[in-house]
Structure formats: C-alpha cells, structure tokens
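Beneath this line is the structure, given in structure tokens, with notes to follow.
The values are calculated or read from the model by the stated rules, or taken from the named source; none is laboratory data. In this text the structure is predicted, and so the values were computed from the model without any measurement. Note: ideal-geometry Cβ built from the backbone for every residue, glycine included; neighbour counts use all protein chains shown. Just so you know, the surface numbers come from the protein's heavy atoms only, side chains and all, with ligands and any DNA or RNA stripped out. Shrake-Rupley method; radii C 1.70, N 1.55, O 1.52, S 1.80 Å.
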Amino acid sequence: MHAETSASTEYAAVRDGGTGVIDLSSRGRLLVSGSEAVMFLNGLITNDMKTLAMDSWMPAAFPNVQGRLIAALRIIHRHDGFLIDTETVSLETVMKLLERFTAAGDFHLNNLTNETVMLSVQGRNAAGMIRQVLGGEAALVARAQAAVAQYENRGAVNVIRATHTGEDGFDLFADANDGPALLESLIRAGGQPFSAEVAETLRIEAGIGRFGIDMDETKVITETNLDEAVSFTKGCYIGQEIIARIKYRGHVAKKLTGVQLEQEHAVESGAKILSAEEKEIGSITSATVSPRLKQTIALAYVKYDYLEPGTKVKVVSGKDEYSGVIAELPFIRGSWYADVVS
C-alpha cells in the first residue's frame, strides 16, 4: 500500500500542476569538438548540423545504410563543442561510430558520462522551480534554445527546455560534483522526486517512444515518429536515400502509434495486435495502466491501413485477448501543449 501511495504522489506531482524531479544521469553524454566536427557529424546524422546555432539544441538520429535506427540523440551546441545526449543502451554504439573519425581530422571525442549529471524537472510549475533555483534567464529558455546558468557559487549548468512526460520541463546538465547539491536544491524548492517506473507511465501517456524499448535497429527511422529529428533539405548522409524514398512515396508500411484497451489489463511487450477480422496487424512495444485514464494504454507498431484513430483491434497477451482501439498520440496532452509555456 505504501508503494502505491508513493507512486500516486509522484505521478500527481508531475501530472496535476506541481513539479517532479528525476535523475537521468544514467543516460550517456559525449562532447564532440574540433573544426571538422560539423562536417563529420552532418554525414552521420539525420538532422542538419549546419542549422544548429550556438546555445541551441536539436533531436537527431544515427541511421545505418538501410535507413534503420542505430541511436536516437539530442545535440546541444555549447561554446566548447557539441554535447550529445543519448540512451544508456546506445552510448557504446555512438562512441564507436564517432571514435573512427578522431584520426581523420580535427575531430575530438570525450565521454563525459561519469563527469556530469543530468537532472530533469517536469510539470506545469517547472519554470517556477527553475527560476527559484537557477534564475529567470534559465526559466525563460525557449524550446529549441540552450541556456547556461550559474548554480550558487558552484559550476555552470546547461539548461534546455524538454519534455519526457507531456508536461513542461527542463533538462539540466551539470558537473558530477555539483549534482547532489543541485538535486537537493530542486527538492527543497518543492520538486517531488519520482521513480523510473512512474516516469515510464508518464512517458507512455505522452506517447514518447524510447530507444531500446519502442525503437531499435530493426526499425526504419520514419516508422518511429522521430519526425523532428530528420531534415529533408540537408545534404547527403548515411541512409538518406532510403529515408527520403519512403517519405516521398507516401507512407511507411507500419508506424508507432497508440493502442487503448477498454479496461485495465496487464499487457506484455511483444503482444500481438489483431484486426477486427483477426488479421495480425502489429505488436505492442510498451504498455502501462494510466492513472488518469483508468485504462491500459500502449505504444505499438501497426500496419498503415489500420492507423486511423478509433479502429477496433484485439490485443493477444499470453493466453488472454483484450478489446481495444487505435488511439492518437499523445494519450494525454499536458502543459507542454499549452499555447503559452510560462
């Protein structure tokens, strides 16, 4: 009962107008620098590095020659280079991809994962908390921009505005030595720590796919909803021809979408999705019971002809079969989707 109460409190802090704080330092962080950094990176990623101004950031992806997803990442243009943030499971892959260019020119790679921390503040009141702890300039940072804030008399903190929950949010990158004190300051300012389990529920409600869970190297990038991570106007990069061909021929064969069951049911990853005519049309990648919707919701890959929201489906999990419908993402539109983010 205590665990349920705790999870409920953590969820409510993020979803119901407060603020939650989570330590995401287990993710990987790499710093790329050098006069040829932009040139080399641009030939490897889906987004256009040449448009990434100083003190701004963008999502991007590493595709292979077949246009399939090797890693999803975010790139922050700092004064000392480009900070790459990626999932733990893709860190080694990204490092190996980049290491081979260190001998090819003025291109330098440093693994900052153990030297830095990443904290995330999520919730409608996130800006108020950032203002209290790091100052007004950091709290006003625009969504595609990055700010540098001074934390007390300690080191600098890189701040970007980003959501992992569908609520307003900020990600903070700081020196590892400052991490514990910064986290404590956020909690003292009213931030409710929330667990990885609660974060997963919030993420799925927000319809945000996660590399290693909802997407991997078996998926073509255009299937994964990483639309903002792809530039269709930049020059050549690995896998571009296939990614562009899929876009311009009209649509992908399947796509990441939402599935909403009629009730609360435990559904396993990999559960099959059947059409009303009993045809296999997709599979579940991650599922949770939504405290807000009082239903099981899931992210899933579904064939193109069945993507219309409201399409009736059946989910087969183990020996059980449950009725549901295709749902538009996100399941819950939180404060991130407000017209004006304070």
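Quick look at the numbers
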| item | result |
| --- | --- |
| Largest to smallest accessible area among Lys247, Lys219 [probe 1.4 Å] | Lys247, Lys219 |
| Amide H contacts under 5 Å for Ile281, placed H, 5+ residues apart | Ile273, Leu274, Ser275 |
| Net charge dipole size for the chain [Lys, Arg +1 and Asp, Glu -1 on Cβ; Debye, nearest 20] | 680 |
| When each of Lys254/Lys279; Lys247/Lys279; Lys96/Lys247 is checked by Cα-Cα distance, pairs over 24 Å | Lys247/Lys279; Lys96/Lys247 |
| Sequence-distant residues sharing a close amide H with Glu36 (under 5 Å, placed H) | Asp106 |
| Largest to smallest accessible area among Met39, Met118, Met54 [probe 1.4 Å] | Met39, Met54, Met118 |
| Calculated FRET value between Glu137 and Arg245, using beta carbons and R₀ = 45 Å, to 0.05 | 0.55 |
| Whole-number percent relative contact order across the chain, with pairs defined as alpha carbons under 8 Å at least 6 apart | 19 |
| Area of Arg27 that stays accessible when all protein chains are in place (1.4 Å probe, Å², to 10) | 30 |
| Nearest-0.05 FRET efficiency for Ser35 and Cys236, computed from C-beta distance (R0 22 Å) | 0.60 |
| Nearest-0.05 FRET efficiency for Glu328 and Glu264, computed from C-beta distance (R0 25 Å) | 0.75 |
| Which of Thr88, Gly209, Gln240, positive extreme of dipole for the chain (C-beta unit charges) | Gln240 |
| Protein accessible area in the chain, 1.4 Å probe - carbon and sulfur % | 50 |
| Centroid-to-centroid separation of the range 21-91 and the range 152-198 [C-alpha atoms, Å] | 21 |
| Accessible area of Ser56 in the full protein assembly, 1.4 Å probe (Å², nearest 10) | 10 |
| Spin-label model distance (nm) - Glu308 vs Glu321, 7 Å beyond Cα toward Cβ | 2.3 |
| Backbone N within the range 49-90 under 13 Å of label point (7 Å from Ala156 Cα along the Cβ vector) | 54-56, 77-83 |
| Largest-first ordering by accessible area, 1.4 Å probe, given options Glu268, Glu308 | Glu308, Glu268 |
| Stretch gain in nm, segment Ala196-His79, where the contour uses 0.36 nm per residue and the Cα spacing is subtracted | 38.9 nm |
| Paramagnetic reach from Val89 in the range 314-333 [backbone N under 20 Å; point 7 Å along Cα→Cβ] | 318 |
| Nearest-20 debye value, the range 150-301 charge dipole, Cβ charges on Lys, Arg, Asp, Glu | 520 |
